[in-house]
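Each value in this text was obtained by applying a stated rule to the coordinates, not by laboratory testing. Note that the structure is predicted; figures quoted are calculated from it, not measured. Note that we place each Cβ from the backbone using ideal geometry, even for glycine, and neighbour counts take in every protein chain shown.
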Amino acid sequence: MPEPQPTFLSRWGGKFHQDVCWNMGSFALSALAGVTLNALIGATYGASALGVFVQVFSLYTFFSQFSALGIHFSVLQATAARANYRGACATVLAGAALPTLITAAAAAAVFWLGRGAIGSIVSSQAVAEGIAWAAPGLFLFGLNKVLQGMINGLSWMKSFASLQVIRSVLMIASFFGMWAADWDAQRLPLALTIAELGVLPVAAIMLARGRYFRGATGDIWAWSRQHLSFGLRSFGAAALTALNNWIDVLMLGHFTGDDVVGLYGLPATLTAGFYQVLVVLRNNYNPRLVAAYESGDLPGLESMIHRGKRVTYLVIGAAALLLLNAYPLAAAALDHKGTFMAGWPILAILLAGIVAVAGYVPFSHVLMLARRPGIQTWTIVLTLTLKIAGNWVLIPVLSATGAALVTAACYVFNAALMIYLTRRLIHVRL
């Protein structure tokens, strides 16, 4: 492979900003679609139905990590390091095929078979039925994640952005189709399956046109083993992150009921969408982090991180104030009785936690991309343990407000841990 040039950051600068703009636009549309979907469910089916959908979605998000099993991170990392060599990238993708098919099928089967037990844990038969409709989407999700991992690694961020929009638009369209057919609320999670079914052929066509489905030049089976090894070490961080992001919803379902989860669900969904702004930035930074770290340009890496932090804090702080002021209008439009307005304090608490750590989230995968996935997993284990303990104590006392307080505190704890470990282990200052 050619020696990396010391000016790679300056070469990527213009494209990077264009990619961020494309993905921010994609995020804006996807976030609007996500909020709209939750608002439509709340307005047409009620808070209890929204609570069911949010619980199914949170469980789907957790199980989806087992579907991809971290293989998409391995594909992203390997592709970013070999982006100029089509044959090598084709081998990377071919090596991911068999393990992904197996893990995706296993995750979908376990999700479907476990729906009864899960429904009992959260005391909701409606959640169990919703899982049955969402389970096929898990199989498709794993395949899509790997294809999107390669697209991300190739820095095809316009294509990556387009796939995000397609997924969101299909979910909204599915809702309207089911609503027009007068389906009951328990079937609404089928929208997750329909969305993945629509994304799969589009992602496959993108890579096929780039000739990444043929011309493999290396040992495919060796790559299969490497993907599984990397995936098993990294998927824990992703799975635990997903659980960490939604454990408050699941514990609320256990201690309270679908109606309380519905009231918490709207601000939780809004802040989850808000958080995706930072994930968009992370997706764009990930290939650059790999390139900078692999080249040994740690000063350039730190300079990029510090510039990104300053801009991120300014943008996210302003956006949080805007969202806080817009929420009462949205809540009033959903329910003139003021039911959803009770979520405003919850929204304020959750946003405060996100704003506090906003500058660090876009770089939160640096340990994993620096080939320390196990360490990153342990940071999430510690954060999740704290979150479960905190929710166990505060939800019975403060209900949804307690869940929000614990979530905000855990954002700060995890960021502080990442700052310390990144400096200690790979000598990079976040």
With the 8 Å Cα cutoff and a minimum separation of six or more residues, region 11-426 has a relative contact order in percent of 23
So for the pair Trp392, Ser123, with labels modelled 7 Å out along Cα→Cβ, what separation do we get in nm?
-> 1.8
Ellipticity estimate at 222 nm from DSSP helix runs (n ≥ 4, -39,500 (n - 2.57)) divided over the chain, nearest 500 = -29500 deg cm²/dmol
What is the dipole size for the chain, taken about its Cα centre, with +1 at each Lys and Arg Cβ and -1 at each Asp and Glu Cβ, in debye to the nearest 20?
-> 1360
With the dipole of the chain worked out from charges on the C-beta (+1 for Lys and Arg, -1 for Asp and Glu) around the Cα centre, which of Tyr85, Ala126, Val412 lies farthest toward the positive end?
-> Tyr85
Would you work out the relative contact order for region 94-166, in percent, from Cα pairs under 8 angstrom that are 6 or more residues apart?
-> 34
Using a basic spin-label model with each label point 7 Å from the Cα along Cα→Cβ, how many nm lie between Thr217 and His427?
-> 3.3
Can you bin the chain into rounded, prolate or oblate? Criterion: square roots of the alpha carbon gyration tensor eigenvalues sorted a ≥ b ≥ c, rounded for a/c under 1.5, prolate for a/b above b/c, oblate for the rest.
-> prolate
Pairs of lysine in the chain with Cα under 27 Å and at least 8 positions apart or on different chains: total?
-> 6
In degrees, nearest 10, the alpha-carbon axis of helix 8-45 is tilted away from the dominant principal axis of the alpha carbons of the chain by 20
Anisotropy class of region 108-250 from Cα gyration tensor, a/c 1.5 cut = oblate
Would you mind computing, in nm to one decimal, how far apart the modelled labels at Met341 and Thr44 are, each placed 7 Å from Cα along Cα→Cβ?
-> 2.6
Cβ-Cβ FRET estimate between Val412 and Ala180, R0 fixed at 45 Å, reported to 0.05 | 0.50
Using the per-residue mean of other Cβ atoms lying within 10 Å as a proxy for protection, in what order, highest first, do the peptides 303-316, 63-76, 394-407 fall?
-> 63-76, 394-407, 303-316
Could you give the angle, 0 to 90 degrees to the nearest 10, between helix 344-357's Cα long axis and the longest principal axis of the Cα atoms of the chain?
-> 20
Can you tell me how much longer the chain between Trp378 and Val110 gets when fully stretched, taken as 0.36 nm per residue apart minus their C-alpha distance, in nm with one decimal?
-> 94.0 nm
Under the rule rounded for a/c under 1.5, else prolate if a/b exceeds b/c, else oblate, using alpha carbon gyration tensor axes a ≥ b ≥ c, region 71-116 is classed as prolate
Total charge dipole magnitude, region 166-255, about the Cα centre, Cβ charges on Lys, Arg, Asp, Glu only, Debye to nearest 20 | 520
Taking the chain as the reference, fit the longest principal axis to its C-alpha atoms, fit the long axis of helix 157-180 to the helix C-alpha atoms, and give the angle between the two in degrees, 0 to 90, nearest 10.
-> 20
Would you kindly state how much longer the chain becomes between Thr401 and Ala204 on full extension, computed as 0.36 nm times their sequence separation minus their alpha carbon distance, in nm to one decimal?
-> 66.6 nm
Farthest towards the positive end of the dipole of the chain, among Leu154, Val315, Leu188 and with Cβ unit charges of +1 on Lys and Arg and -1 on Asp and Glu, lies the Cα of Leu154
